[in-house]
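Before any comments, here is the structure.
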Amino acid sequence: MSDISFIRSIISLCRQSLSGNKIAIKSAEDQMSLLVKSDTSETELKIALIFKIILSPQAISAPENSLTDDELSGLKLASSDVQLWAAIFLKNYIRSNFDTSESFGGATDSTRRIIKSFLIICTLNRDMLGISTPIASQLESTLLMISDRDFPESMEHVMLLISYCHLSDINPLVLVETLTTRLQTQLTQRGGVNLVNTNMTTNSSFNRVVTESQTNYDLKYADYLINHVKNYVNLSRSIASYNNILNSNNIMEISRCYFDFFNALVDGVKNMCCLTNSVTLKDLEMNKFVQSVSFLFCQSTLNTHTANPVSQSYEVDCNPSDSLFYFDDRNLFNEPKLFQYGPNVPELGVNQHNVQLLLSQSMFVNESSLNKSYYKTKLSSFNLFMNLMKKYKTRTYDNDTLCELKIILTLSDVHLLYLYKYFIYKFTQFYNFYKSMKGTLTSNFIVPLILDLLEFIRQVIKIFVYVHSIDLPESFEDNAQLYFSGIINLLQFNDQQVLQNDTRGTILKMKVAFLKLLKYYAERYQEVFHPFVFTCIEDVVKLCRTTTQDSSEDKLCCAALDFLAAASSTHWGSSPTASARSNPFMNNAFLAEIIQTIIVPNIGFRECDLMLLDDCPVEFVQREMDTNSCSSRRFSSITFLKKLVSSIGQVCQQIIAQVATNVASSNDYKLKELYLQLIMCINFNESSGEFNINNYFNKYLKNEFVLLAQAQLTQEKRLIILAIIKYIITFHNLFNEIDIVELIPYLVLYLNNSHEAVRSFSAEALSRVLAKVRLHKPKLKTCILQALDNLLTLMKNGGRAGNEFYSKCTMKIFLYLREDVRESGMLMIEIVISLIKMVTDNPVNPAYNHYLFESLSILLRLNLQTQSFGMGQPLEKIEESLIPILAMIIQQEMHPFIPYSLQVLCIMLKFANKASTTYLQLLNHLLTLETWKVSIANAQGNIKLLVCYFEKHTIFEGEINKNMEKILNIFHFCLVHRKLSKHSLELINGIIRFLPLTYYVSFLKSIVTVLLTYIHNNKTGDVLVDVITTVSLLTVYLHLHKYEMSLIDILESIQSGITGSFLQMVYLPNLKKTLNMEAKRVHAVAIAKMATSTNVQTNNELLMMLMEGLDDLISGENVKLDTPKDVLHPDNMDEIDKVEINFDVSYVRLQAANDGKKLLDRNINAEDVIKDLLAPISGVMKRNLPMSGRFTSVLSLIR
């Protein structure tokens, strides 16, 4: 297909996507994917042509353009809507193809590099290229999706491009020349030749001097970075020239020039991609990377020449900094005469020198004097760096993350310090100048510039917030005084005129960022924070006092309260500063004032809360039960008070208990509710002194709770009832059993209340207390059955949105009633199925849906576990009702429900005793690789179901046996898929754990080879620990199956002599990272087996290392298998909702479907197996291991 035909096809399909017809859109997307992937050799060209569509200027598709479509290379119809759809398609293409290995049809490395390079250039030059905001947002979000995996390892150069080519005012030619000279200097010092005038990209003399030895990799890496900068500088020239043409608004000239420009852009992209063939970051050890950066971007002296208009002279200030990274006021001000004070003014853009202007009140500066786009342009580029860093907000602390942050901060910490200092200084300077002009007609023109400065400070702080969520950066610690003094001063900034002009909320957002950073210091980095913490506490308290009740300030108030909560929970000694200040929280008057002026005003219901109560009662209850992720003043205040109570409990308890008693008999319902909430914040227990939970309830709350159970409630009375029920929920474990039995009938009555919030609270309370009264079922049975009937009626009439408090309580009632529910036969199962059908079309509430499927799973197990005794419903009857709805969910790709459906199928399959047509068809569906490719989100459920087939291998023997190669191919696909690697190991573990060895014995060598290849390609990461667990599991089951070859024998058959290095460098280091107790048992047995190998016994050092590993695993641990908890057991009722559920992921585990399968068969006693294995080598062990010290646990296992 020619280029123009391809472009026309893509544009036509994009236009089809604009139809709004779901089927047409899906068809268009599928056809576009086929067009791009139909000939993989041309994929890169096709990707470039898609970018050609996306970047085409609007002049090309303008009606006034008289050029033909042929003259415009098929772009005549490339409207902004078409370009947006092309950008969306590109994102979907990446989502579908970047995580899949190339060997399974994923994108090639070269395709990935081309797309990434285009996206980097487009995102950094969105305004210069004339890309509209919606399209630019799509491209940036696509780049950020890629960066989640690739930044910084293969995207560290982006930081250099942002810093030196977009932020710094250094002349690009000077930049390249200086970097080249620095590399030349290093090369000369190591005996190299002069390379300054040569082409560094393809220089053969460089390659001769710099050998492939790792010792010189830092030089080759420096060359790689320079070439990135050089290529981008050249590309930037083309972009600037093209931008000038765009600004001319000459349609014909723009149309003609676009194609030449795009060709130059493609050349730049190709050059950027070719650079990856040299030494890149992934080829370097960390010390070589640091060494390379230290000489290439060395910290030297930056001379700042400050023009003083009063003295009409320059003052020179010399500071250690990056001499290539600076801002120059000659680009900010449009008046050259402001800087003409003598002959020795440095040239603009040179190395080591920049010029700043000292503003004075006597100066005349007006709107035309300033380049208003100066900071905005830089902000646009710096924003990308902030967004790249956002991924660390949710990352966990581990070696990989620390390594990434080391790379990022090595390249950026000096720049971040410069930016912070510069913008604090500029803000102070411009704000003082603004204040001196206040009241004049021209003063307002400075406000947007002040807001730009504050936005830059906000973004710098946000980056630090993301870094501090992982670790304390050394550069911040070394400059703590500078950073904290700026934060403390700006927290109090409250200029009303500037605030009124701050339509984007920059100042509020900046303060919120400050407070989030301070919170990290209060929680994690107390030693560094100690000299500043008391000032910060007092200043944040002042900030809270000045915060209004306006909803626009909610985030600021919440952030302030969250910081105070964190600060109050730390025991601070006297301040180490000279003033020796004491902790303000230790001052009772200060504490009382905080409770009265900050906590109490924010902990009560506001007007917006009461509106939410009536308009969105379920969301109101979610917030009250803290199951909603939204932050609010009320819950930040509750958290703060709870932290105060936990650290300064006695004082708070005395204040609040006394107040609560005083207002208990008050008729002011709002006040009563408020102080009930305060009581609930206190962690009272059965020995809380004078205040007794039971007595307070019986004396002040019970009568009202009982009398209002069937009354029509006013809003005031409704609030107090909600507070009383919340009191029951909060302290239900402290109530007497008999008191709870008496309360349950009234909770059931409240299920009939006319207001959904009251019904929801009652349902939640009922679900919490049922486990405590399980011994009183005969007495409560009728009442609970009535509650169940009420709940089912509410859910039937509740519509599609659903109420998760109803479905959760229903689930708990099923667990409570057990055999009484089973007696209803198929009726209850069919009712739940009908409720599921109601929500399949529009799954609004994931929590509601989850508890429906938990309820269904409980009913299935209650029936199927007893069907053999003639007590439950037979499987065939259940299948008849359930299979159609599950089939519909899977066939119609109802993604929110497919994982649940697969788990429900697992329950039924577990009790199957024959290979019915349904299960055989399902198995064939699972064994098709395309099933896994098109539905990555369902892979976890597919794996669980496939493992269930393995467990039932006796009735599916033929199908599994003949498809073993397909199964292992699916495992390989999942293992090399970025999002499925971890889950893939559940599949191979299921094969090893449940299938007879004869099923896969011929593939053993291939399995081990695939695992070794994965280990080789992935040196670090959490998945590697799980791979080692699989290696151990295979070792154990080869022994249990009494196979003639051990794992070590298989390793040696793959590569002779590999055992020692594998065990020492891979196996044992990752084994030590294992936290799971079950995996530790597997490792312990595996090591014992490995120790019996001749290869190990002849290597005393290796034997000692294995025994050390074994001793670490079993010291203080019980290697015997424990019995997993079954949520269906009456004693484990509370376990089913103790697990935190994350509905943001594609697979949510059903607790009722989780039968607690272990890696090892429950009949295997790991300790006995280890003893049996070690018995034959006891003599060797006694000779080589010291009888005392660290090997005590191992030696105790020798028979």
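The residue pairs whose first member lies in the stretch 1089-1100 and is farther than 15 Å from residue 1052 by Cα, whose second member is part of a loop (DSSP other than H, G, I, E, B) and at pLDDT 90 or above, and whose beta carbons are closer than 6 Å, counting only pairs six or more residues apart or on different chains, do not exist in this structure. With respect to the conditions (1) part of a loop (DSSP other than H, G, I, E, B); (2) touching a residue at least 60 places away in the same chain (Cβ under 8 Å), residue 906 lacks only one, and its number is (1). Among the residues of the stretch 643-684 satisfying the criterion of being more than 28 Å from residue 703 (Cα to Cα) and either polar (S, T, N, Q) or modelled with pLDDT of 80 or more (or both), which is surrounded by the fewest Cβ atoms within 10 Å (Cβ to Cβ)? Within the stretch 643-684, the match that is surrounded by the fewest Cβ atoms within 10 Å (Cβ to Cβ) is 650. Per the conditions (1) in contact (Cβ under 8 Å) with a residue 60 or more places away in the chain; (2) not charged (D, E, K, R); (3) not in a helix (DSSP H, G or I), the sole criterion not satisfied by residue 753 is (1).
Residues that are in contact with a Lys or Arg (Cβ under 6 Å, 6 or more places away or on another chain), β-branched (Val, Ile, Thr), assigned by TED's automatic domain parsing to the domain that holds residue 478 and crowded, with 20+ Cβ neighbours inside 10 Å: does the stretch 509-521 have at least one?
The answer is yes; a qualifying residue exists.
For the stretch 951-967, a tally of residues being aliphatic (A, V, I, L, M) and free of Cβ contacts under 8 Å to residues at least 40 places away in the same chain returns 2. Against the condition of a type outside the set (Lys, Arg), modelled with pLDDT of 95 or more and in a loop (DSSP other than H, G, I, E, B), how does residue 327 come out, does it pass? Against the criterion (of a type outside the set (Lys, Arg), modelled with pLDDT of 95 or more and in a loop (DSSP other than H, G, I, E, B)), residue 327 qualifies. What do you reckon, is residue 1079 crowded, with 19+ Cβ neighbours inside 10 Å, in contact with a helix residue (DSSP H, G or I) (Cβ under 6 Å, 6 or more places away or on another chain) and within 17 Å of residue 1174 (Cβ to Cβ)? The answer is no for residue 1079.
For residue 916, are the conditions met, namely being surrounded by 14 or more Cβ atoms within 10 Å (Cβ to Cβ), among the hydroxyl-bearing types (Ser, Thr, Tyr) and within 16 Å of residue 945 (Cα to Cα)? When the stated conditions are applied, residue 916 passes them.
Quick one: is residue 768 within 41 Å of the chain's Cα centre (by Cα), crowded, with 19+ Cβ neighbours inside 10 Å, charged (D, E, K, R) and farther than 23 Å from residue 810 by Cα?
Working: within 41 Å of the chain's Cα centre (by Cα): yes; crowded, with 19+ Cβ neighbours inside 10 Å: yes; charged (D, E, K, R): yes; farther than 23 Å from residue 810 by Cα: no.
The answer is no for residue 768.
Here is the figure for the stretch 187-227: residues that are over 41 Å from the mean Cα position of the chain (by Cα), modelled with pLDDT of 55 or more and under 23 Å from residue 156 (Cβ atoms) total 1.
Select from the stretch 909-926 the residues that are of a type in the set (D, E, K, R) and part of a helix (DSSP H, G or I) and list them in ascending order. I'd like the intermediate steps shown before the answer.
Restricting attention to the stretch 909-926, the residues satisfying the condition of being of a type in the set (D, E, K, R) are 910, 914.
The answer is 910, and nothing else.
Please find, within the stretch 1133-1173, the residue that is modelled with the highest pLDDT out of those that are closer than 23 Å to residue 817 by Cα and among the hydrophobic types (A, V, I, L, M, F, W, C). The residue in question is 1150.
Within the set of pairs 6+ apart or on separate chains, which have a first residue in the stretch 935-950 that is surrounded by fewer than 23 Cβ atoms within 10 Å (Cβ to Cβ), a second that is of a type in the set (Gly, Ala, Ser) and not in a helix (DSSP H, G or I), and C-beta atoms under 6 Å apart? Cβ pairs passing all conditions: 937/1146.
Checking each residue of the stretch 995-1002 against the condition of being assigned by TED's automatic domain parsing to the domain that holds residue 1106, surrounded by fewer than 18 Cβ atoms within 10 Å (Cβ to Cβ), under 25 Å from residue 101 (Cβ atoms) and among the β-branched types (Val, Ile, Thr) gives no match. Is it the case, given these coordinates, that residue 116 is within 17 Å of residue 46 (Cα to Cα), charged (D, E, K, R) and surrounded by fewer than 20 Cβ atoms within 10 Å (Cβ to Cβ)? Spelling it out, it is not the case that residue 116 is within 17 Å of residue 46 (Cα to Cα), charged (D, E, K, R) and surrounded by fewer than 20 Cβ atoms within 10 Å (Cβ to Cβ). Between 982, 944, 966, the distinction of being under 19 Å from residue 995 (Cα atoms) and either among the small types (Gly, Ala, Ser) or modelled with pLDDT under 95 (or both) belongs to 944 only.
So that you can scan it fast, the table gives a plain yes or no per residue for (1) among the aromatic types (Phe, Trp, Tyr); (2) in the same structural domain as residue 535 (by TED's automatic domain parsing); (3) surrounded by 19 or more Cβ atoms within 10 Å (Cβ to Cβ); (4) within 21 Å of residue 668 (Cβ to Cβ):
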| residue | (1), (2), (3), (4) |
| --- | --- |
| 607 | no, no, no, yes |
| 624 | no, no, yes, yes |
| 631 | no, no, no, no |
| 638 | no, no, yes, yes |
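Among the criteria (1) buried (at least 18 other Cβ atoms within 10 Å of the Cβ); (2) without any contact (Cβ under 8 Å) to a residue 60 or more places away in the chain; (3) not in a helix (DSSP H, G or I), the one residue 46 does not fulfil is (3). Residues in the stretch 259-272 that are farther than 12 Å from residue 238 by Cβ and either crowded, with 19+ Cβ neighbours inside 10 Å or over 34 Å from the mean Cα position of the chain (by Cα) (or both): 259, 272. If you check residue 444 against the conditions, is it surrounded by fewer than 16 Cβ atoms within 10 Å (Cβ to Cβ) and either of a type in the set (A, V, I, L, M) or more than 19 Å from residue 543 (Cα to Cα) (or both)? Considered against the rule, which asks whether it is surrounded by fewer than 16 Cβ atoms within 10 Å (Cβ to Cβ) and either of a type in the set (A, V, I, L, M) or more than 19 Å from residue 543 (Cα to Cα) (or both), residue 444 comes out as yes. Scan the stretch 808-846 for residues that are buried (at least 17 other Cβ atoms within 10 Å of the Cβ), touching a Gly at 6+ places or on another chain (Cβ under 9 Å) and more than 15 Å from residue 898 (Cα to Cα) and jot them down. The answer is 822, 835, 845.
Looking at the stretch 91-111 only, could you name the residues that are within 26 Å of the chain's Cα centre (by Cα), crowded, with 20+ Cβ neighbours inside 10 Å and in a helix (DSSP H, G or I)? Scanning the stretch 91-111 gives 93, 94, 97.
Taking only the stretch 295-312 into account, find how many residues are of a type in the set (S, T, N, Q) and under 30 Å from residue 216 (Cα atoms).
So in the stretch 295-312, the residues of a type in the set (S, T, N, Q) come out as 299-301, 303-304, 306, 308, 311-312.
The next check asks that each one be under 30 Å from residue 216 (Cα atoms); those that pass are 299-301.
So the count comes out to 3.
The values are calculated or read from the model by the stated rules, or taken from the named source; none is laboratory data. As the structure is a computational prediction, the values presented were derived from the model and not from experiment. Here Cβ is always computed from backbone atoms with ideal geometry, including for glycine, and neighbour counts include all displayed protein chains.
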